[in-house]
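This report refers to the structure that appears directly beneath it.
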Amino acid sequence: MTVLTLDTPAVFEPLLAPSRYKGAWGGRGSGKSHFFAEKLVEDAMVFPGEAGEGLRGVCIREVQKDLAQSSKALIEAKLVAMRLGEADGFKVFRDVIETPRDGLIIFKGMQDYTADSIKSLERFHRAWWEEAQTATEVSLNMLRPTIRWEDTARGLESELWFSWNPRRKTDAVDLMLRGGDSPTGSVVIRANWRDNPFFPSVLEKERLDCLRLNPDQYDHIWEGG
């Protein structure tokens, strides 16, 4: 069995322990998406042993017209980088990724769901909402009680993950996770470019250009303001 050794930036360490809600917000280049993509692959590898069944994960956006707008390409790249393939239980298809012991990762837009159809996610173990600043209150209220799996004998429960670059203080995800009265079991961290030890030089040039040429937007784009 392949053993993963992941070099997790210190800023994300609070998100490694089990918790019902996990949130990471901040500006560009922080590595938020890379962390959650790696965490999803890692959880898929250990889950058959921990829970006795394959991990079922859903990667969500508010609107997803095609898979090019999803997190699928990033997760595929992580599998390649980690050298994980069919021998390890991972198999990539056009619209789904199979994970060890008959698990799967799917990619959906919340606007494609209704109150009835979202019930198909009730047995899912992980829900990762990327670009969560676009989430609506209606969509969050549909998703949260739907992701309900738990294994009380093993002390395991489903988790909801959110990564986003803030837009407005009134956005639904900010009100939920940064509004001063977060849901029980929430761990939320702020991550920016300076927290990313793998921050590429090409983005450093972009950051400095933004600071020089577009200072009014710098705080929003790069610092999560």
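Every test in (1) more than 17 Å from residue 56 (Cβ to Cβ); (2) free of Cβ contacts under 8 Å to residues at least 12 places away in the same chain is passed by residue 132 save one, and that test is (2). Screening the candidates 87, 73 for the property of being open to solvent by 50 Å² or more (accessible area, probe 1.4 Å) and either in contact with a helix residue (DSSP H, G or I) (Cβ under 7 Å, 6 or more places away or on another chain) or at pLDDT 95 or above (or both) yields one hit, 87.
Out of curiosity, is residue 167 of a type in the set (D, E, K, R) and modelled with pLDDT of 95 or more? If you could, list the steps in order and put the result at the bottom.
Values: of a type in the set (D, E, K, R): yes; modelled with pLDDT of 95 or more: no.
Considered against the rule, which asks whether it is of a type in the set (D, E, K, R) and modelled with pLDDT of 95 or more, residue 167 comes out as no.
Looking at the range 211-225, can you tell me whether even one residue there is modelled with pLDDT of 95 or more and small (Gly, Ala, Ser)? No, because not a single residue in the range 211-225 is modelled with pLDDT of 95 or more and small (Gly, Ala, Ser).
Here is a list: 67, 4, 15. Which entry is at pLDDT 95 or above and either in contact with a Phe, Trp or Tyr (Cβ under 9 Å, 6 or more places away or on another chain) or hydrophobic (A, V, I, L, M, F, W, C) (or both)? First the steps, then the outcome.
Values: 67 fails: at pLDDT 95 or above; 4 fails: at pLDDT 95 or above.
On inspection, the qualifying residue turns out to be 15.
When 175, 140 are screened for being of a type outside the set (Gly, Ala, Ser) and either open to solvent by less than 40 Å² (accessible area, probe 1.4 Å) or part of a strand (DSSP E or B) (or both), only 140 passes.
Put simply, of 107, 93 the only residue that is open to solvent by 70 Å² or more (accessible area, probe 1.4 Å) and aromatic (Phe, Trp, Tyr) is 93.
The condition of being buried (at least 16 other Cβ atoms within 10 Å of the Cβ), more than 15 Å from residue 159 (Cα to Cα) and within 13 Å of the chain's Cα centre (by Cα) holds for residue 32. Pairs are defined by a Cβ separation below 6 Å, a sequence spacing of at least 6 or placement on different chains, a first member in the range 94-116 that is free of Cβ contacts under 8 Å to residues at least 12 places away in the same chain, and a second member that is not charged (D, E, K, R); the pairs so defined are 96/104; 96/106; 98/104. When residue 116 is tested against (1) in contact with a helix residue (DSSP H, G or I) (Cβ under 7 Å, 6 or more places away or on another chain); (2) loosely packed, with under 14 Cβ neighbours inside 10 Å, just one condition goes unmet, and that condition is (1).
The values are calculated or read from the model by the stated rules, or taken from the named source; none is laboratory data. From a predicted model like this one, the values you see are computed outputs, not experimental measurements. Note: ideal-geometry Cβ built from the backbone for every residue, glycine included; neighbour counts use all protein chains shown. Side chains included, ligands, DNA and RNA excluded: accessible areas come from the protein's heavy atoms. Shrake-Rupley method; radii C 1.70, N 1.55, O 1.52, S 1.80 Å.
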